[in-house]
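This report concerns only the one structure given below.
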2 protein chains.
Amino acid sequence: MTTKDRGLHARVLDSLGPAITAGEYPEGSVLRTDELAQRYEVSRSVMREAVRVLESMHLVASRRRVGVTVRPAGDWNVYDPQVIRWRLAGADRPRQLRSLTMLRSAVEPVAAGLAARYASAEQCAALTECALGMVATSRGQQLEAYLVHDIEFHRVVLNASGNEMFAHLGDLVAEVLAGRTHHQVMFEDPDPAAVTLHVSVAEAVREGNAERAEALTREIAVGALQELDILAP
Amino acid sequence: MTTKDRGLHARVLDSLGPAITAGEYPEGSVLRTDELAQRYEVSRSVMREAVRVLESMHLVASRRRVGVTVRPAGDWNVYDPQVIRWRLAGADRPRQLRSLTMLRSAVEPVAAGLAARYASAEQCAALTECALGMVATSRGQQLEAYLVHDIEFHRVVLNASGNEMFAHLGDLVAEVLAGRTHHQVMFEDPDPAAVTLHVSVAEAVREGNAERAEALTREIAVGALQELDILAP
DNA sequence: TGTGACTTAAAAGTCAGACTTTTTGTTGCT
DNA sequence: AGCAACAAAAAGTCTGACTTTTAAGTCACA
């Protein structure tokens, strides 16, 4: 079962979406629903549903008598998880990772500050557990296990901020961290300093020290930016 | 033409989308496509297209033999402009404005810092123009004109950051600022301090002083948060 | 030559109906 | 009580006919 059966239209999207975000059809290209339906061997109804979804992502615009035209990349819903996944799978993955990392660097420190104020006892416990897990797996080529704890750590912080917009960045951060581990230069064990910082953040949140939590998370962010050579001279 | 003719399915969405985001159908509610099609007096095909769009926004999930079930609010694509508009039009508008303002406060300072490094000459000019426009309209009940300049100012900053994720928050910030002017206590002229800060940010960006631009924008952000009573005791 | 009104045709949009597939819940047997 | 077969409900799919919008071409007239 290569393609999970979420319906025909979804299978079409899995192919057409990445093609568009990869720039395979340049901005302004005109597609015709009937032709697409033939190409993908589905009925027009199914193709129409797929087009409607692409339209809701602002990837294309459908106009009578002209067809389905590909919109400029600047119009795309870059926060749509689906679009993000498609773009991360494509050629401009590095560029995408930079954008996402910057966003993360801007938001996470603020989220950590809020978490220090609003985190529940359970969330504090979860955070500490994650930090300890990171420490435990930080040496000896246990990158995958480390990644799991790292992702969970950041997800808990974002959730604990109490802001739904921040919380929704959890999946996005997960993608970035996974991408870093899997596609970046990541042969060695993680930076010990980063591990320590995470432990300290958990501590600061537990103590309710918002300013410290924010400052420490900002240090983590700086590290993430430096990894991608985004730094001020 | 009350409802612009973007197709039948769009008209259905204009009604069904807000109903769902307003919590009119509680989490877990089950809708049936056929019934909805009858209720809205459209064909099943049209209703299916509408459902597909709602599905892509993670507002609902469609499963065979059970129907179209409303997903928990935590799953919704809260960054989808359409969803944001629906929610801003609904009852939890205040809550929504808080979330958005927090996000804005986290991102804009960083964006301003980047803008100071990467803004083009045209963008610097536009920024200065906006700031001057704000000064010119800051007194004498010209709130609407002031708003236009304010929105444009922040949009230029976000665009000048060179980060597409930041740039895409332009519309969102516009919504927040418009909401603030139209639905908040905004009978008086804008705070003179805020106006001055905007002028200074334009200055800092022009000089390429990233740290100053960031710090000043952070002050603007603090003001925005204080307006909504989001402040540290 | 230019311009404005009229015609045409291409593509999306809409609809109705028949059929398929998956999944759930029930029933009946051991 | 547990399991297996069965029935029905709802989404999913396909097809074909029809409508609507609108870009583009055409023709007459100034």
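The values are calculated or read from the model by the stated rules, or taken from the named source; none is laboratory data. Predicted model, so just to flag it, every value in this text is computed and none were measured. Virtual Cβ from ideal backbone geometry, glycine too; neighbours counted across all protein chains shown.
Inside segment A:130-144, residues that are modelled with pLDDT of 95 or more and surrounded by fewer than 19 Cβ atoms within 10 Å (Cβ to Cβ) make up a count of 4. State whether the residues of segment B:12-20 include one that is crowded, with 20+ Cβ neighbours inside 10 Å, within 16 Å of DNA strand D (Cβ to nearest atom) and not in a helix (DSSP H, G or I). So far as segment B:12-20 goes, no, none of its residues is crowded, with 20+ Cβ neighbours inside 10 Å, within 16 Å of DNA strand D (Cβ to nearest atom) and not in a helix (DSSP H, G or I).
The residues of segment A:39-52 that are within 12 Å of DNA strand D (Cβ to nearest atom), touching a Ser or Thr at 6+ places or on another chain (Cβ under 7 Å) and of a type outside the set (Ser, Thr, Tyr), listed by number, are A:44, A:47, A:48. Checked against the criteria, residue A:65 counts as within 14 Å of DNA strand D (Cβ to nearest atom) and farther than 22 Å from residue B:62 by Cα. The single condition among (1) away from every other protein chain (no Cβ under 14 Å); (2) touching a helix residue (DSSP H, G or I) at 6+ places or on another chain (Cβ under 8 Å) that residue B:166 does not meet is (1).
Residue check: is residue B:136 more than 16 Å from DNA strand D (Cβ to nearest atom) and away from every other protein chain (no Cβ under 12 Å)? When the stated conditions are applied, residue B:136 passes them. Just wondering, is there one or more residues in segment A:48-62 that are under 21 Å from residue A:82 (Cα atoms), surrounded by fewer than 16 Cβ atoms within 10 Å (Cβ to Cβ) and in contact with a helix residue (DSSP H, G or I) (Cβ under 7 Å, 6 or more places away or on another chain)? For segment A:48-62, residues under 21 Å from residue A:82 (Cα atoms), surrounded by fewer than 16 Cβ atoms within 10 Å (Cβ to Cβ) and in contact with a helix residue (DSSP H, G or I) (Cβ under 7 Å, 6 or more places away or on another chain): present. When we screen B:201, B:148, B:157 for residues that are without any contact (Cβ under 8 Å) to a residue 60 or more places away in the chain, assigned to a helix (DSSP H, G or I), among the β-branched types (Val, Ile, Thr) and away from chain A (no Cβ under 11 Å), the only hit is B:148. Total residues in segment B:191-213 satisfying the condition of being farther than 19 Å from residue B:135 by Cβ and either crowded, with 21+ Cβ neighbours inside 10 Å or among the aliphatic types (A, V, I, L, M) (or both): the figure is 1.
Of all residues in segment B:115-129, those satisfying the criterion of being surrounded by 24 or more Cβ atoms within 10 Å (Cβ to Cβ) and part of a helix (DSSP H, G or I) are B:115, B:116, B:127.
Filtering segment B:92-123 to residues that are at the interface with chain A (Cβ under 8 Å from one of its Cβ atoms) and either in contact with a strand residue (DSSP E or B) (Cβ under 6 Å, 6 or more places away or on another chain) or under 14 Å from residue B:177 (Cβ atoms) (or both) leaves B:100, B:103, B:105.
Can you pull out every residue in segment A:22-81 that is of a type in the set (Gly, Ala, Ser), within 15 Å of DNA strand C (Cβ to nearest atom) and not in a loop (DSSP other than H, G, I, E, B)? Listed by number, the residues that qualify are A:37, A:45, A:50, A:56, A:61, A:62, A:67. Filtered by the rule that a residue be at the interface with chain B (Cβ under 10 Å from one of its Cβ atoms) and aromatic (Phe, Trp, Tyr), segment A:70-91 gives A:76, A:79.
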